[in-house]
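Structure first, then comments.
The values are calculated or read from the model by the stated rules, or taken from the named source; none is laboratory data. Bear in mind the structure is a predicted one, so any value in this text is a computation, not a measurement. All Cβ positions, glycine included, derive from the backbone under ideal geometry; neighbour counts span all protein chains shown.
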Amino acid sequence: MKGGNDGDDLDGVAGYMQQAKQEALQNVEHVAEGVAAETLSEGNLFEIAQSIGDKRLKDLNVADTTCGYCAVGCRFDLYSDGEEILAARPTEEEDAPVNGISTCVKGKFGYDFINSDDRLTAPLVRDETGEFREATWDEALTRVAEGLGQIKEQHGGEALSVIASSKATNEENYLMGKFARQVLGTNSIDNCNRLCHSSTVAGLAKTYGYGAASISTDDFELADCILLTGSNTTEAHPVLATRIKQNVRDGADLLVFDPREIQIAEYATQYSQINPGYDAVWINAITRHILNNDLHDEEFVEERTTGFEEIKESVQEFTPDVVEDVTGIPHAEIVSAAETIAEADRCVFGWTLGLTEHSHGTENVMAMANLAAVTGNLGKPGAGVSPFRGQNNVQGGGGDMGPLPDNFPGYQDIADDEIRAKFEDAWDCEISPEYGYYTTQMFLAADEDDIRGMYIIGENSALSEPGVNHAEAVLEDLEFLVVQDLFVNETAQYADVVLPACSFVEKTGTFTNTDRTVQMVKQVMEPKGGSRPDWKILQDLANRMGREWDYSSTAEIMREVKSLTPIYGGISQERVDREGGVQWPCWDDDHPGTVRLYEDEFNTDDGKAHLQAVGYSEPAELPDEEYPFTLTTGRVLYQYHTGTMTHREEGIMQYTPSDFIEIHPETAVNHGIESGDLVRVTSRRGEVVVPAQVTDRVGPKNVFIPIHFAESAVNRLTDEEHLDPTAATPEFKVSAVRVTPYEGGAESVSTADVATGGDD
């Protein structure tokens, strides 16, 4: 099923879906210079006709599965003829607890990547000339075992690191952590969570005990008030946006704080445009107004929190004049938001990376956690905190399963002697109590030769890491690099060996979504060519390096997870499949799972929320005369992360085919720039050239560029050195830049410098 075919030329399911795809994409209404799009109420694209091609259904493979794009956790049936995905059709609503009959455009149509012409179907090894050639699995795995083994023998296991995959299943991520510690002998394993929500995990863990959403998705429809910040919800999490908008239409208040006037702001009771990098300032100002006017929940604070007096004292510096000067928010808007939250019986606080991707992201999250606690909005229906996760399994694979330098599965501290002994016994190995390197630290450690070899699984670090110029230099200089992925992506171009993995439609396992629900992923197609599931690759490699792994299925792996991970103690594939999903913590087979955290107590030593005083912090890099604008980065509806999947979907690429920069009209006039003009964007670390979109979505002192395009690689502009001191998250959301018209002429711009085209 390729774009451009007439639906009438195909039979049954394929014909119906091709026609539906064309109509849905043609009828999309673009807003705000084509950047944001409202796709038929986002999640509710359309209902598949009940008369769908019965004559071919009997010949198709059908599996109810969980979406492999964002972490909302949408479920649907996938139909395949064994060669390609023909349709994504709503499953029974009770089996799709998050989305019901809704999907977004990517979950509905984004499957052409599976059969892309450049899909990896055989291992590649670099030959003596420096070029790749195809190899057998035996040769490739032997070379990997020798390359990693040689570094371990000469420099110790700590000279190796693993970057795990939030695209892979829970079971596979569990094995990635086990492989790092048992086979390689290193605690330096991490994943993309370090680049996004690790400050959420750290901040919430410090205050409440669990670094995860306290609510279920249904709570968005039960809330009287919803506060969203740093979340382009309609584009990054369309199905969640639909549920929020439905509640707002029914009368709930929606407060949106963001540097850009994103599309969800159109539905807001109040939208406040903020200066990037000062989130704790306006959050603390709201808390200050609530506390100084006795609008807090006194009973909740007294009975269920500690640290209240310290909080009350710490927020006093955030006076109206300070807040307006620093954040740009008028005092009246702070007052309005504070009183709306305080008057609501039930409020949900939601955020994504606009709150976390800062050099002080953990402080931002703790400030938000304080606000939720002092207003008593925890542990009851329609109230709580909800960090929206971006990759399909970043909650489970990126955190719960323990591919982390400081935690085993279930957030069990590796420095705890009793916990470490449990895993040493189960895995038959010795494990160091010393924490390994976080992902962002791995690239800095490689500069000092402390990391000499990497095994990167399902992560495109050459685009996703901050300071791409630095990341490229590190990847080039490694003694040995293994990349395991679907394609020869930008990172794989530096590899010594590339191993072909499977997509989520070609394997079975579980994902854990943004509200802690563990759901089944079911194979609907055989692996393409010689590609293999990650868990089978890891097992074969472990055995070549001296271990005796003999897992027969991912269900067996999950049973091992269950035995070692208390919060997953009652979770098995059989139960998840039977019940449609189970939310952790689920302590044993008789436990029902936990729909809502903190109903009775917090996950702390004393069962109380530990409020954390948060002061004033500035971004690591401020605009100045040479670099007068603040760059922030983010996502758009029609693309996904570094584009590895969506760039291979012809229909989706019609709408956002290239990068762009949003520039305020005042900035454009002052610099002689019009929409469509190429502009050069320069930071202290690098430069890119992109087409301009002139729009008042951003403020006069700010600019915005999406993250999805290798051609322009916005992370050439971002900073790899200034990291959150607690979580090591980079400051993607604030970079000082200079913006100038590009004088070279379009014909002289190389593809390394500019994404051609763009929507006006």
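Descriptive notes on the structure:
- Verdict on Val385 being assigned to a strand (DSSP E or B) and touching a residue at least 24 places away in the same chain (Cβ under 8 Å): yes
- Complete set of residues in the stretch 413-445 that are of a type in the set (Gly, Ala, Ser) and more than 25 Å from the chain's Cα centre (by Cα): Ala415, Ala421, Ala426, Ser432
Table: residues versus (1) out of contact with any Cys (no Cβ under 8 Å at 6 or more places or on another chain); (2) in the same structural domain as Asn170 (by TED's automatic domain parsing).
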position	(1), (2)
Lys536	yes, yes
Arg547	yes, yes
Glu560	yes, no
Gln573	yes, no
Cys586	yes, no
Thr594	no, no
Tyr598	yes, no
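- If you go through the stretch 268-302 and keep only what is free of Cβ contacts under 8 Å to residues at least 40 places away in the same chain and closer than 20 Å to Tyr208 by Cβ, you end up with Glu298, Glu302.
- The stretch 509-529, subset within 21 Å of Glu574 (Cβ to Cβ) and more than 21 Å from the chain's Cα centre (by Cα), residue surrounded by the most Cβ atoms within 10 Å (Cβ to Cβ): Val524
- Taking strands (runs of 3 or more DSSP E) as the structural unit, those lying wholly within the stretch 454-547 and holding at least 1 residues that are touching a strand residue (DSSP E or B) at 6+ places or on another chain (Cβ under 8 Å) and closer than 20 Å to Gly396 by Cβ correspond to 480-485, 509-512, 517-521.
- Any hit, the stretch 473-489, residues being surrounded by 24 or more Cβ atoms within 10 Å (Cβ to Cβ), aromatic (Phe, Trp, Tyr) and in contact (Cβ under 8 Å) with a residue 40 or more places away in the chain: no
- Complete set of residues in the stretch 114-137 that are closer than 22 Å to Cys67 by Cα and either assigned by TED's automatic domain parsing to the domain that holds Tyr638 or among the aliphatic types (A, V, I, L, M) (or both): Ile114, Leu120
Matching residues to (1) in the same structural domain as Val301 (by TED's automatic domain parsing); (2) out of contact with any Pro (no Cβ under 6 Å at 6 or more places or on another chain); (3) in a loop (DSSP other than H, G, I, E, B); (4) at pLDDT 95 or above:
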site: Val322; (1), (2), (3), (4): yes, yes, no, yes
site: Ile329; (1), (2), (3), (4): yes, yes, yes, yes
site: Asp345; (1), (2), (3), (4): yes, yes, yes, yes
site: Phe349; (1), (2), (3), (4): yes, yes, no, yes
site: Ile419; (1), (2), (3), (4): no, yes, no, yes
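- Qualifying residue in the stretch 72-85 (condition: surrounded by fewer than 20 Cβ atoms within 10 Å (Cβ to Cβ) and of a type in the set (Lys, Arg)): no
Quick grid of which residues meet (1) under 29 Å from Ala285 (Cα atoms); (2) part of a loop (DSSP other than H, G, I, E, B); (3) touching a Gly at 6+ places or on another chain (Cβ under 7 Å); (4) without any contact (Cβ under 8 Å) to a residue 12 or more places away in the chain:
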| residue | (1), (2), (3), (4) |
| --- | --- |
| Trp587 | no, yes, yes, no |
| Val595 | no, yes, no, no |
| Phe602 | yes, yes, yes, no |
| Asp606 | yes, yes, no, no |
| Tyr616 | yes, yes, no, no |
| Glu621 | yes, yes, no, no |
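- Per-region count, the stretch 550-571, residues under 22 Å from Ser214 (Cα atoms) and of a type outside the set (Phe, Trp, Tyr): 7
- Looking across the stretch 459-489, the residues that are within 21 Å of Met176 (Cβ to Cβ), modelled with pLDDT under 95 and not hydrophobic (A, V, I, L, M, F, W, C) come down to Glu459, Asn460, Ser461, Ser464, Glu465, Asn489.
- Residues of the stretch 382-409 satisfying the condition of being surrounded by fewer than 24 Cβ atoms within 10 Å (Cβ to Cβ) and touching a Leu at 6+ places or on another chain (Cβ under 7 Å): Gly382
- For the stretch 649-664, the criterion of being in a loop (DSSP other than H, G, I, E, B) and surrounded by fewer than 16 Cβ atoms within 10 Å (Cβ to Cβ) is satisfied by at least one residue.
Yes/no per residue for (1) among the polar types (S, T, N, Q); (2) surrounded by fewer than 22 Cβ atoms within 10 Å (Cβ to Cβ); (3) more than 18 Å from Lys528 (Cα to Cα); (4) in contact with a Cys (Cβ under 7 Å, 6 or more places away or on another chain):
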site	(1), (2), (3), (4)
Glu92	no, yes, yes, no
Phe109	no, no, yes, no
Asn115	yes, yes, no, no
Arg119	no, yes, no, no
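- Failed criterion for Glu506 (all others in (1) within 19 Å of the chain's Cα centre (by Cα); (2) surrounded by fewer than 23 Cβ atoms within 10 Å (Cβ to Cβ); (3) of a type outside the set (Gly, Ala, Ser) hold): (1)
- Within the stretch 393-413, tally of residues that are out of contact with any Ser or Thr (no Cβ under 8 Å at 6 or more places or on another chain), touching a residue at least 24 places away in the same chain (Cβ under 8 Å) and more than 12 Å from Ile567 (Cβ to Cβ): 3
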